[in-house]
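Everything on this sheet refers to the single structure shown next.
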2 protein chains.
Amino acid sequence: MVLGAMMFFPSGGHISSWRHPDVDAKGLLDFNYYKQILQTAERGKFDMFFYADELYVWDRFETGISHANSIRPEPFTLLSALAVVTEHIGLAATVSTTYNEPYHIARKLATLDHLSNGRAAWNIVTSQADEEARNFSRDKHLEHSKRYERAVEFVDVTQGLWDSWEDDALLLDKESGYFADKDKLHNIQHKGTHFQVQGPLNVTRPPQGYPVLAQAGASESGKEVAAEKAEVVFAPIHSFDAEGLLAGQQLYEDIKGRMAKYGRSRDELKIIPGIMPIIGQTEEEAKEKLAAIESLLPEQLGLDLLSHYLGQDISSYPLDEPLPFRPDLSQFNQSKSALERILEMMDKEQLTLRQLYQRSTNRRGLAGTPVQIADFLEEWFLKGAADGFNIQFSHLPGGLDDFVNLVVPELQRRGVFRTEYTGGTLRDNLGLKRPDNRYVSVRADHLAHS
Amino acid sequence: MVLGAMMFFPSGGHISSWRHPDVDAKGLLDFNYYKQILQTAERGKFDMFFYADELYVWDRFETGISHANSIRPEPFTLLSALAVVTEHIGLAATVSTTYNEPYHIARKLATLDHLSNGRAAWNIVTSQADEEARNFSRDKHLEHSKRYERAVEFVDVTQGLWDSWEDDALLLDKESGYFADKDKLHNIQHKGTHFQVQGPLNVTRPPQGYPVLAQAGASESGKEVAAEKAEVVFAPIHSFDAEGLLAGQQLYEDIKGRMAKYGRSRDELKIIPGIMPIIGQTEEEAKEKLAAIESLLPEQLGLDLLSHYLGQDISSYPLDEPLPFRPDLSQFNQSKSALERILEMMDKEQLTLRQLYQRSTNRRGLAGTPVQIADFLEEWFLKGAADGFNIQFSHLPGGLDDFVNLVVPELQRRGVFRTEYTGGTLRDNLGLKRPDNRYVSVRADHLAHS
C-alpha cells in the first residue's frame with residue numbers, strides 16, 4: 001500500500017485547521033514546524049510528503065483574506081530544506097504548468113532529486129483561478145483544454161531536458177580535461193505550440209531518471225493525461241459507503257484501462273485516493289473530533305468557498321432552502337471534478353444551502369477508531385479501488401501523530417504496509433521502474449542500423 | 001569590511017577549477033560537498049555565500065561541452081538546503097529578471113528569508129547569452145537597455161509584493177477566526193510595460209523586509225540601477241597595481257555619487273570588488289599555485305572563451321600575433337563591462353592572441369602570502385575603493401580553507417574584520433537598515449490628512 005502524507009494547507013487538510021487548539025499557527029513560516037512534521041511522517045514510513053500549492057491569495061471574497069489560511073511557503077524552497085533533515089521519504093512538489101517555464105522546473109526538480117538522493121516527485125497541476133492569472137500578467141486563466149494541451153507539452157519538454165544528459169555523459173577526467181562526453185549531451189531542439197526549448201539542461205540526469213510524476217485531474221482530459229504520463233494519481237473519494245467504494249473501483253478501472261493505448265502496464269501508475277481520517281479511541285470520540293474540526297469553519301467562509309466552487313456568488317440565497325438553480329458544468333473553467341462532486345450531492349438528495357456548504361467544504365473527514373480506519377483503507381486497497389492513499393490531516397502535527405501512532409501499526413500488523421523503507425529512491429519504494437533515456441534508445445537504434 | 005564567499009563555478013572561480021587535484025569533482029551535485037563549503041565559510045565569518053548562476057550549458061563551442069564545468073545546481077533548491085546546516089551566513093541567489101516572473105521570485109526569496117531567519121539576498125542579473133534565450137522560447141536575448149528596463153520594473157514589482165503584507169497583517173486569532181487583517185494586505189495592482197501583477201503575495205513580508213539586493217552591472221545602465229536599487233554591488237578589479245586602485249576608487253565614487261539623486265545615503269550600498277586570492281606560505285609558492293591553476297585551462301577552451309567575450313569567433317587568427325581588429329562596444333549585446341575590460345587590455349599593451357586569452361580568462365588571481373593578501377584588501381578598504389570584497393577561490397574547498405585559515409585571522413588581527421557575527425539577519429551584519437513598507441507610509445499619510 002502506497003501512503004502519501006498530504007499537506008493541503010500548512011496547518012492541515014481543512015481551510016480552518018489553523019484554528020485548531022493544538023496547531024502552532026505561528027510556525028507556518030518556521031522551518032522547525034515542517035521539520036517536525038516530516039520527521040514524523042518518515043517515522044510512519046510514508047512513501048512521500050505531498051505538498052499542495054497555489055499561486056495566489058484567495059481574495060475574491062473578503063473572508064478569504066480575513067479567515068482562510070492564505071500563507072504557503074514556496075514548494076522547492078521548502079522541500080529542499082526538508083530533504084536535509086530526512087533520509088527516505090519522497091518529496092512531492094506541486095508545480096503549475098500554466099505559470100512556469102519547463103527549463104526552470106526541469107532544473108529545480110533535477111536539483112532536488114540530486115540533493116535528496118532520488119526522492120523528488122512532481123505533482124503536476126494546471127492552476128484554476130483567475131487570481132493566479134492576474135499575478136502572471138494575464139486577465140483570466142487559460143481555458144480548460146488549452147491548459148491540458150500546455151501541460152502535456154510542458155511535461156514532454158521537461159522529460160526531454162532530463163534526458164539531455166545521458167546517464168554516463170559526465171566524464172570528469174581531470175587528466176585529459178574532458179568534463180563531459182559531447183556525444184552524450186543533447187540539444188532537445190523542441191519547437192512546439194507553447195514552448196521552444198533548445199537545451200541541454202545544466203544539471204545532469206536526475207538519480208531517478210525522471211522524478212516521479214503525480215497528478216490529480218479527475219476530468220476527462222485529466223484522466224487521459226494520467227493514463228499517458230502520470231505515475232501517481234491523487235483521486236477523489238465520493239463517499240465512505242458501498243456506493244463510494246463502487247465509484248472508486250470504477251474510477252480505478254477507468255484510469256488503468258486507458259493505459260494500454262499508451263503502451264503502459266497497469267502497475268506503472270499508482271492510484272491514491274485522498275482521505276482525511278479523524279481518529280478516536282472510540283467511534284464516538286472520533287465523531288466529536290470531526291465535529292470540532294468542522295465547527296472551526298466560519299459560516300460566511302463556508303458559503304464563499306461554495307460560491308468559489310460553483311463559480312458564482314450564492315451568498316444572497318436563503319441558507320435553509322435548496323439552491324434554486326443548477327450550475328452548468330460544460331461552461332465551467334475551474335476544477336470540473338470539484339463541481340461534479342457538488343452536483344452529485346445536489347442530485348442525490350435535497351440539501352439546503354447550509355448543508356451543501358458544510359458537506360462540500362468539509363469533505364474527506366472519515367471518523368473512526370484506528371481499526372475502523374484500517375478496515376476502510378484495507379478494503380479499498382484489496383478490492384481494487386486504490387493502490388494506496390494520500391492521507392490528509394485534520395490538523396498538524398496532531399492528526400499526523402495520531403495516524404502514525406495508531407493506524408500505521410495496525411496496517412503493518414495486517415501486512416499491507418511496509419515496516420521499513422527498502423528502496424534507495426522514491427521510485428524504488430513505489431515499485432516504479434527507472435525510465436529509459438529517449439536519446440540512448442535512439443543512439444542504440446542508430447548503431448544497430450549502421 | 002564586508003566579505004562574500006563567491007561560488008562562480010561550483011568547483012571554484014575558474015572554468016577549469018574542477019580539474020584541480022584537490023577538487024572532489026564527483027561532489028558537484030552532492031549536498032555534502034556544498035555543506036562543507038558553507039560551514040567553512042561560516043567558520044570564517046563571511047557575511048554571505050554568493051552563488052553565481054546561468055540558465056544554459058555554454059555550447060556555442062564544442063569545448064564548452066567537452067571541457068567547461070557546465071553543471072550548476074539550481075540556486076533556490078541549493079541555498080534553501082544550505083540554510084538548514086548554517087546559522088549566520090547570508091545566502092545570495094543569482095536570479096535573472098529576464099527569464100523569470102516577479103511573483104515566483106518574490107515568493108521564493110521571501111520563503112528563503114523566512115526559513116533562514118533573515119539571511120536571503122538576491123543577486124539581480126539580466127542574463128547575457130542567446131543560449132539562455134533559446135531555453136525560454138526566444139531566439140535572441142533581450143537588447144541591453146530593454147533588459148535593464150525590465151530589471152528595474154521586475155525589482156519594483158517584487159518589492160511591492162514583499163510589502164503586500166504589512167509586518168503586523170497576520171493576526172492568527174484562533175478565538176475570533178481572524179487569520180489576517182484585511183486592511184493590512186494589499187493588492188499591488190501593478191500594470192507596467194513588462195508585467196501586470198495584482199498580488200498580494202501568499203507569503204508574509206520577509207524578516208528582513210526585503211532580502212538584500214545585490215547587483216553586478218558595471219555598465220552605465222548597471223551603475224544607475226545599482227545607485228537606485230542595489231545594496232551590494234559586485235565590482236570588477238582591473239589590476240592589482242596603483243592604477244587598479246585608482247580605477248577602483250573612481251568606480252567607487254562614481255557609483256556612490258549617483259545615489260543622492262535617488263534619495264539614498266552612501267552607506268546604504270556596499271561595493272565589493274571580486275578578487276581571487278591564491279595564497280602561499282611564500283610569494284613564490286603562491287605564484288606556483290596560480291600558474292598551476294592557469295595551466296588547467298585547455299588552450300582551445302581559452303580561445304573559445306575569448307571568442308565568447310568578444311562576440312565573434314577568433315579561432316582562425318594566429319595565436320602569436322595581436323588580434324587584427326578592434327571589436328565595437330556600441331553594437332555589443334552581451335556583458336559590456338567584460339568587453340570593456342578586454343578592450344582596455346588591448347589598448348594598454350600590444351598583446352598576442354595567446355596572451356590576451358590567458359589574461360582575459362584568468363582574471364582576478366592575486367598570488368601572495370596571507371600578509372600580502374591582507375595588505376591588498378586593507379589598502380583598498382581604507383583608501384575608499386571598496387567596502388569589502390567578494391572572494392573567489394581557485395578551487396573548492398581548498399582555496400576557501402586557505403583563506404579562512406590564513407587570511408581571515410590576519411584581517412581580524414588588524415581589526416578590519418569581525419571576529420563574531422553580531423547581527424540577527426544578513427541585513428544587520430551588513431549594517432543595512434530594514435526598508436519601510438510602502439503601504440504603511442501611505443496609510444500613515446492618509447490618516448494624517450483625514
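Shape descriptor for the protein assembly as shown: Rg over Rh equals 0.98 (Cα atoms; Rh from the Kirkwood inverse mean 1/r). Across chain A, the relative contact order, built from alpha-carbon pairs under 8 Å that are at least six residues apart, equals 22 percent.
If you restrict to DSSP beta bridges whose two residues both lie in the protein assembly as shown, what percentage is antiparallel, to the nearest 5? Could you put the intermediate results ahead of the total?
On the way: 12 of 80 bridges.
So the antiparallel bridges amount to about 15 percent of the total.
Against the compact-protein benchmark of 2.2 N^0.38 Å, the Cα-based radius of gyration of the stretch B:166-212 scales to 1.40.
Charge dipole (Cα centre; +1 on Lys/Arg Cβ, -1 on Asp/Glu Cβ; no other charges) of chain A amounts to roughly 840 debye. Estimated from the Cβ-Cβ distance and a Förster radius of 30 angstrom, the FRET efficiency linking A:K26 and B:R258 is about 0.10.
When the dipole is taken about the Cα centre of the protein assembly as shown, and only Lys, Arg (+1) and Asp, Glu (-1) are charged at their Cβ, what size is it in debye, to the nearest 20?
On the way: 96 positive and 130 negative charges, 73 e Å.
Dipole size: approximately 360 debye.
Calculate the tail of P(r) for the stretch B:134-286: the fraction of all Cα-Cα distances greater than 22 Å, expressed in %. Please report the intermediate quantities before stating the final value.
On the way: 6960 of 11628 pairs.
Beyond 22 Å sits 60 percent of the P(r) for the stretch B:134-286.
Give me the extension gain from B:A291 to B:E420: residue separation times 0.36 nm, minus the current Cα-Cα distance, reported in nm with one decimal.
Working it through step by step, the gained length comes to 43.0 nm.
When the listed pairs A:K270/A:K348; A:K146/A:K229; A:K191/A:K336; B:K223/B:K270; B:K256/B:K383 are checked against a 23 Å cut-off, the alpha-carbon distance exceeds it for A:K270/A:K348; A:K191/A:K336. Placing unit charges on each Cβ (+1 for Lys and Arg, -1 for Asp and Glu) gives the protein assembly as shown a dipole about its Cα centre, and among A:T98, A:P409, B:M48 the Cα reaching farthest toward its positive end belongs to A:T98. Compared with the dominant principal axis of the Cα atoms in chain A, helix A:75-84 is inclined by about 70°. With the simple spin-label model, which puts each label point 7 Å out from Cα in the Cβ direction, the B:Q355 to B:D139 separation comes to 4.1 nm. Projected label points at A:L343 and A:R60, each 7 Å from Cα along the beta carbon direction, are separated by 1.7 nanometres. Ranked from shortest, the separations from the 7 Å Cα-to-Cβ label point of A:D130 to its equivalents in the other copies are 4.2 nm. Just the protein heavy atoms count here, and of the accessible area of the stretch B:298-361 at 1.4 Å, carbon and sulfur take up 44 percent. Among A:G118, A:G384, A:G160, the residue with the largest mean-square fluctuation in a Gaussian network model of chain A, with springs joining Cα atoms closer than 10 Å, is A:G384.
Kirkwood hydrodynamic radius for chain A: how many Å is it when counted over pairs of different Cα atoms?
Working: mean 1/r = 0.0436 Å⁻¹.
Radius from the Kirkwood sum: 23.0 Å.
Computed over the stretch A:298-361, the convex hull of the alpha-carbon atoms projects to a mean area of 3.9 nm². Placing dummy labels 7 Å off each Cα toward the beta-carbon, the span from A:Q281 to A:D183 is 7.1 nm.
Do you know the relative contact order of the stretch B:198-269, to the nearest whole percent, from alpha carbon pairs under 8 angstrom that are 6+ apart? Numbers along the way, then the final one.
Details: 59 pairs, mean separation 19.9, N = 72.
Across the stretch B:198-269, relative contact order equals 28 percent.
Bridge orientation summary for chain A: considering DSSP beta bridges with both residues in this region, about 15 percent are antiparallel. Summing Lys and Arg as +1 and Asp and Glu as -1 over all other residues whose Cβ lies under 15 Å from the Cβ of B:F179 gives a net charge of -4.
Solvent-accessible area lost on pairing A with B (1.4 Å probe, both sides summed) amounts to about 6600 Å².
Averaged over peptide B:169-178, how many Cβ atoms belonging to another chain are found within 10 Å of each residue's Cβ? Before the final figure, lay out the partial values.
Values: counts 1, 6, 2, 9, 2, 8, 1, 4, 11, 5.
Across the residues of B:169-178, the mean count of other-chain Cβ atoms within 10 Å is 5.
Which residue, chosen from B:H308, B:L329, B:Y357, occupies the Cα position most advanced towards the positive end of the dipole of the stretch B:298-361, where the dipole is computed from +1 (Lys, Arg) and -1 (Asp, Glu) charges on Cβ about the Cα centre? Comparing the listed Cα positions along the dipole, B:L329 ranks first.
In a Gaussian network model over chain A where Cα atoms closer than 10 Å are linked, find which of A:A129, A:A169, A:A216 has the largest mean-square fluctuation. Ranking A:A129, A:A169, A:A216 by mean-square fluctuation puts A:A169 first.
The loop-placed chymotrypsin sites (Phe, Trp or Tyr not before Pro) in the stretch B:1-96, going by DSSP, include none that has at most 10 neighbouring Cβ atoms within 10 Å of its Cβ. Between copies, the label points of A:E220, set 7 Å from Cα on the Cα→Cβ line, lie 5.9 nm apart, reported in increasing order to one decimal in nanometres. The alpha carbon radius of gyration of the stretch B:1-92, expressed as a multiple of 2.2 N^0.38 Å, is 1.11.
Compare the peptides B:102-109, A:231-238 by average per-residue count of other Cβ atoms within 10 angstrom and give them in order, highest first. Mind showing how you got there, number by number?
Values: B:102-109: 26.2, A:231-238: 24.2.
Ranking the peptides B:102-109, A:231-238 by packing returns B:102-109, A:231-238.
Averaging the Cα positions of each part gives two centres, and for the stretch A:1-27 and the stretch B:1-77 these lie 37 Å apart. Taking A:L305, A:L201, A:L296 as the candidate residues, the one with maximal mean-square fluctuation in a Gaussian network model of chain A, Cα springs under 10 Å, is A:L296.
The values are calculated or read from the model by the stated rules, or taken from the named source; none is laboratory data. All of these numbers come straight from a predicted model, not from anything done at the bench. Ideal geometry is used to build each Cβ from the backbone, glycine not excepted, and the neighbour counts take in all protein chains shown. Ligands, DNA and RNA are excluded from the accessible area calculation, which covers all protein heavy atoms including side chains. Shrake-Rupley method; radii C 1.70, N 1.55, O 1.52, S 1.80 Å.
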